[in-house]
Amino acid sequence: MFVHVPSRRKPRAAVATYFLVALCIAMFVVWSTQAPELRARWVNMLGVMPSDWANLPGVASSAIVPRILRLASALFVHADGLHLIGNLVFLLVFGASAEKPLGASRLLALFLLCGMTANLVGALWFPAGTAPIIGASGAVSALVGAYATLFPRSRLGLMLPLGAFFEFVRMPAYSLIGLWVLVQALMFVLTPGGSPVAWPVHLAGFACGVVYALLSRNAIARRLRN
């Protein structure tokens with residue numbers, strides 16, 4: 001169980017979270033302005049192809065590094081606006097809250113390492129898959145898992161549309177985690193050609209985030225004491 005330690009640090013802007021959000025948006029804007037043929041080429045070039053990992057034995061060592069890099073680049077490529085928004089909303093909610101105790105560098109490491117691991121699990125789980133794995137879902141799942149492990153009783157702020165206005169409300173973390181699960185399910189149903197690969201990616205990301213949080217909690221506690 002994570003023990004809360006009052007911090008003497010002044011709150012800082014969640015620069016790492018905002019950087020990740022801006023990078024995802026920039027990638028999507030540039031990608032969406034291209035011709036359909038070029039967009040498909042981008043997805044194939046930056047996404048994770050399961051067949052690349054199924055055929056890994058016997059592949060030249062020079063070809064392994066680009067495949068590892070695609071585990072990271074795939075995190076910033078999204079199939080459509082719904083896919084992008086569904087990930088960025090929860091990246092902002094959980095990322096901005098988690099960055100304060102974790103720090104920018106530790107949050108970036110969580111996002112990249114756990115997101116890459118989740119993409120790899122998805123590729124290995126369905127080695128015969130022909131569609132590239134893309135999107136930040138695995139990394140966002142890791143953020144959700146890490147936050148749930150570190151701060152299970154916390155309350156998170158969220159802007160909700162109430163009538164003609166937006167209202168800032170605080171909700172228990174577990175409620176937002178349930179909402180995240182619901183949104184992922186809806187995205188799978190509403191997105192044409194939704195792939196079952198998404199579920200292993202989400203579960204692997206969540207589990208990786210839990211492990212990351214357990215390994216980091218002592219360092220986080222020391223950071224909050226300073």
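The values are calculated or read from the model by the stated rules, or taken from the named source; none is laboratory data. These numbers were taken from a predicted model, which means no experiment stands behind them. Every residue, glycine among them, receives a Cβ derived from its backbone with ideal geometry; neighbour counts consider all protein chains shown.
Looking only at segment 118-136, decide whether some residue is buried (at least 24 other Cβ atoms within 10 Å of the Cβ), touching a residue at least 60 places away in the same chain (Cβ under 8 Å) and closer than 13 Å to Val210 by Cα.
yes
Among the aromatic types (Phe, Trp, Tyr) and over 29 Å from Leu214 (Cα atoms) - does that describe any residue in segment 91-108?
No, segment 91-108 contains no residue that is among the aromatic types (Phe, Trp, Tyr) and over 29 Å from Leu214 (Cα atoms).
Consider Phe111 carefully, then state whether it is closer than 28 Å to Ala207 by Cβ, of a type outside the set (A, V, I, L, M), modelled with pLDDT under 90 and part of a helix (DSSP H, G or I).
Working: closer than 28 Å to Ala207 by Cβ: yes; of a type outside the set (A, V, I, L, M): yes; modelled with pLDDT under 90: no; part of a helix (DSSP H, G or I): yes.
For Phe111, the condition - closer than 28 Å to Ala207 by Cβ, of a type outside the set (A, V, I, L, M), modelled with pLDDT under 90 and part of a helix (DSSP H, G or I) - is not met.
Is it true that some residue in segment 117-126 is in contact with a Ser or Thr (Cβ under 8 Å, 6 or more places away or on another chain), modelled with pLDDT of 85 or more and farther than 16 Å from Val43 by Cβ?
Yes - at least one qualifying residue is present in segment 117-126.
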